[in-house]
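Colleague: The structure is given below, and queries will be raised subsequently.
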Amino acid sequence: MTRSAIVLGAGMVGVSCALALQKRGFAVTLIDRREPGRETSYGNAGVLARSSIVPLNNPGLFAKLTSYLGNRHPALNLNWKRALTRPGWLLRFLWEARPSQAAARVAALESLTSSTVERHRVLMAEAGVPHRLRETGTLKLWRTEAGHAAAQAEHDFLAAHGIASQVLDRQGISGVEPALNPIFPAGLLCLENASVDSPGAVTQAYAELFVQRGGRIEQAQVESLTRIEAGWRVQAGAGVFQAQNVVVALGPWSMDLLARLGIDAKLDVERGYHRHLQAEAGARLSRPVYDVDAAYFMAPMEQGYRITSGVDLSHRDAPDNHRQIDQATASAREAFPLAPFSGETWRGARPTLPDSLPMIGAVPRHPGLWLAFGHQHIGFSTGPITGEIVAALVCREAPPVDPTPFAPGRYIA
Ligand SMILES: Cc1cc2nc3c(=O)[nH]c(=O)nc-3n(C[C@H](O)[C@H](O)[C@H](O)COP(=O)(O)OP(=O)(O)OC[C@H]3O[C@@H](n4cnc5c(N)ncnc54)[C@H](O)[C@@H]3O)c2cc1C
């Protein structure tokens, strides 16, 4: 009998799960209310972040908290009213930042990011979009002399994890990115990162590959999920779909569906914004740059230079708050010759668990129900390995990395 699976959500995570299950012989239906890759997997900075192995809530967060709490720093906007309606989540997020947890969480993230570039390289070649991959690293930049020590410390930390980077001074920075204005005395070239020029188009290309290989995509709003004798029934739009296995990969909307099954996955979101600006006078960047003190990425994209903002801890569906992206836009124009902004501001939400690790695996007491969400800042990078982990677990094979740190059972009883 053909094994069957339904994957809910066609962002990078869901599409990757669909491809990995299909590779193992499953008949897979992928359901999304939009076209593939139109939400969070569209709006990110497109970085394949091999070096992103430190969770946002790391022990260093406590030293920065006072500068963040007044909601003036571009790195963080905290909606206090919202936070106080869910104090348990915020306290747990802070509690997870304690030093005793740091090494295990770094190891867990590293297990996900270590193969990110390699996995995307293979998939982009198979999907016919290898030209979208830029293996030119990413560049981290500091605006003050204190950046020299910070860059060196990060270089040493990454080297201890076998990740190559290069500390740069002002001259070195202008050597690799001559069009940047000389406002950065220190930098770190993260040599093992890569990037793409359109994360949405890459996700779409992977979805097309899935269809070429016989996969089925349904565009419909998922309304409900019900356990039946033979597995699971999904009501989506006017359609009803059944399969032995269901993977919930609805990104920042995953909790909505699970709540209807009485499951609280402890998922929340870190909102973020982006804008596209055009370079002036033929200026160009060869890689995404991250301005540490001003807390934004500036990434060369098909549509122009994409400026992405820091973290906005507000309700997922609350109206936009443009404070951070306004600050980021102004800072980016100090760093690089960009025309004034005109156009639309995109808003998305990074799905986040309190320990900043994704939820990948089986739901206790719900056979055939699998979760794949909560990839916060690295879900575009780590979608493909997530797909491989899920598919291996479904097939009771050994996954490519130890899935224990990502087990849903850590939050779901
Ligand atoms: C500003 C910003 C910058 C980022 N930069 C990076 C980066 O450089 N590198 C990186 O690796 N990551 C980055 N990320 C994080 C990354 O984008 C996310 O972790 C990742 O895209 C999550 O993918 P996903 O598939 O889980 O979710 P999504 O891409 O959001 O996919 C979820 C899908 O579910 C669908 N859906 C939801 N509810 C329903 C429903 N009821 N019925 C049907 N369909 C439904 C949605 O339409 C959507 O397509 C960034 C995020 C942001 C916000």
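Colleague: Under 7 Å between Cβ atoms, at least 6 apart or on separate chains: pull out the pairs that start in the range 182-205 with a residue that is of a type in the set (A, V, I, L, M) and end on any residue that is within 12 Å of the ligand (Cβ to nearest atom) and part of a loop (DSSP other than H, G, I, E, B).
Modeller: Correct list of pairs: V196/G46.
Colleague: Further question on the same structure: Taking the range 259-309 on its own, how many of its residues are without any contact (Cβ under 8 Å) to a residue 60 or more places away in the chain and more than 23 Å from D320 (Cβ to Cβ)?
Modeller: Qualifying residue count for the region: 6.
Colleague: Oh, and also: How do the pairs read when you match residues in the range 33-45 that are not assigned by TED's automatic domain parsing to the domain that holds M301 with residues anywhere that are open to solvent by 60 Å² or more (accessible area, probe 1.4 Å) and within 6 Å of the ligand (Cβ to nearest atom), using Cβ under 6 Å and keeping only pairs 6 or more apart or on different chains?
Modeller: The qualifying pairs are R33/Q221.
Colleague: Within the range 1-25, how many residues turn out to be assigned to a loop (DSSP other than H, G, I, E, B), of a type in the set (A, V, I, L, M, F, W, C), in contact with a helix residue (DSSP H, G or I) (Cβ under 8 Å, 6 or more places away or on another chain) and open to solvent by 10 Å² or more (accessible area, probe 1.4 Å)? Lay out the reasoning, then the answer.
Modeller: Step one: filter the range 1-25 for residues assigned to a loop (DSSP other than H, G, I, E, B), giving 1-3, 9-11, 24-25.
With the extra rule that they be of a type in the set (A, V, I, L, M, F, W, C), the set shrinks to 1, 10.
Filter once more, so that each one left must be in contact with a helix residue (DSSP H, G or I) (Cβ under 8 Å, 6 or more places away or on another chain): 10.
Still in the running and open to solvent by 10 Å² or more (accessible area, probe 1.4 Å): none.
Residues flagged as assigned to a loop (DSSP other than H, G, I, E, B), of a type in the set (A, V, I, L, M, F, W, C), in contact with a helix residue (DSSP H, G or I) (Cβ under 8 Å, 6 or more places away or on another chain) and open to solvent by 10 Å² or more (accessible area, probe 1.4 Å) within the range 1-25 amount to 0.
Colleague: Looking at R227, R233, can you tell me which residue is assigned by TED's automatic domain parsing to the domain that holds A20 and within 16 Å of the ligand (Cβ to nearest atom)? Outline the logic, then answer.
Modeller: Numbers: R227 fails: within 16 Å of the ligand (Cβ to nearest atom).
Only one candidate passes the filter, namely R233.
Colleague: Go through (1) outside any helix (DSSP H, G or I); (2) away from the ligand (no atom under 13 Å from the Cβ); (3) modelled with pLDDT under 95; (4) of a type outside the set (D, E) and name the single condition L56 misses.
Modeller: (2)
Each row is one residue, and each column tells you yes or no for (1) surrounded by fewer than 17 Cβ atoms within 10 Å (Cβ to Cβ); (2) in a strand (DSSP E or B).
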{"residue": "G187", "(1), (2)": "no, yes"}
{"residue": "T203", "(1), (2)": "no, no"}
{"residue": "G214", "(1), (2)": "yes, no"}
{"residue": "V247", "(1), (2)": "no, yes"}
{"residue": "P252", "(1), (2)": "no, no"}
{"residue": "M255", "(1), (2)": "no, no"}
{"residue": "L261", "(1), (2)": "yes, no"}
{"residue": "E270", "(1), (2)": "no, yes"}
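Colleague: Looking at (1) open to solvent by 10 Å² or more (accessible area, probe 1.4 Å); (2) within 25 Å of N193 (Cβ to Cβ), which is the one condition that is false for P288?
Modeller: Failing condition for P288: (1).
Let's see how each residue does on (1) within 14 Å of the ligand (Cβ to nearest atom); (2) assigned by TED's automatic domain parsing to the domain that holds V15; (3) at pLDDT 95 or above:
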site	(1), (2), (3)
S331	no, no, yes
V363	no, yes, yes
L369	no, yes, yes
G374	yes, yes, yes
I378	yes, yes, yes
I385	yes, yes, yes
C395	no, yes, yes
P403	no, yes, yes
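Colleague: If you check S286, S254, which single one turns out to be among the hydroxyl-bearing types (S, T, Y) and within 11 Å of the ligand (Cβ to nearest atom)? Step through it out loud before you land on a result.
Modeller: Details: S286 fails: within 11 Å of the ligand (Cβ to nearest atom).
After ruling out the rest, the residue left standing is S254.
Colleague: A follow-up question, please. Out of (1) in the same structural domain as I360 (by TED's automatic domain parsing); (2) part of a loop (DSSP other than H, G, I, E, B); (3) away from the ligand (no atom under 16 Å from the Cβ); (4) of a type outside the set (S, T, Y), what's the single condition that is false for H73?
Modeller: Status for H73: all satisfied but (1).
Colleague: If a residue has to be assigned to a loop (DSSP other than H, G, I, E, B) and loosely packed, with under 14 Cβ neighbours inside 10 Å to count, how many in the range 216-245 make the cut? Before you say what the answer is, go through the steps one by one.
Modeller: Step one: filter the range 216-245 for residues assigned to a loop (DSSP other than H, G, I, E, B), giving 220-221, 229-230, 237-238, 244.
Of the ones still in play, those that are also loosely packed, with under 14 Cβ neighbours inside 10 Å are 221, 229-230, 237-238.
Total satisfying the criteria: 5.
Colleague: Can you confirm whether P130 is at pLDDT 95 or above, of a type outside the set (A, V, I, L, M) and either in the same structural domain as A160 (by TED's automatic domain parsing) or more than 17 Å from the chain's Cα centre (by Cα) (or both)? Spell out the reasoning first.
Modeller: On the way: at pLDDT 95 or above: yes; of a type outside the set (A, V, I, L, M): yes; either in the same structural domain as A160 (by TED's automatic domain parsing) or more than 17 Å from the chain's Cα centre (by Cα) (or both): yes.
Judged against the criteria, P130 is a match.
Colleague: I'd like the full set of residues that are of a type outside the set (A, V, I, L, M) and assigned to a loop (DSSP other than H, G, I, E, B), limited to the range 332-354.
Modeller: In the first step, residues of the range 332-354 are kept if they are of a type outside the set (A, V, I, L, M); the result is 333-334, 336-337, 340-348, 350-352, 354.
Passing the criteria: F336, P337, P340, F341, S342, G343, E344, T345, P354.
The values are calculated or read from the model by the stated rules, or taken from the named source; none is laboratory data. These figures come from a predicted structure and were not determined experimentally. Please note: Cβ atoms are built from the backbone with ideal geometry, for glycine as well, and neighbour counts cover all protein chains shown. Just the protein is used for accessible areas: all its heavy atoms, side chains included, with ligands, DNA and RNA removed. Shrake-Rupley method; radii C 1.70, N 1.55, O 1.52, S 1.80 Å.
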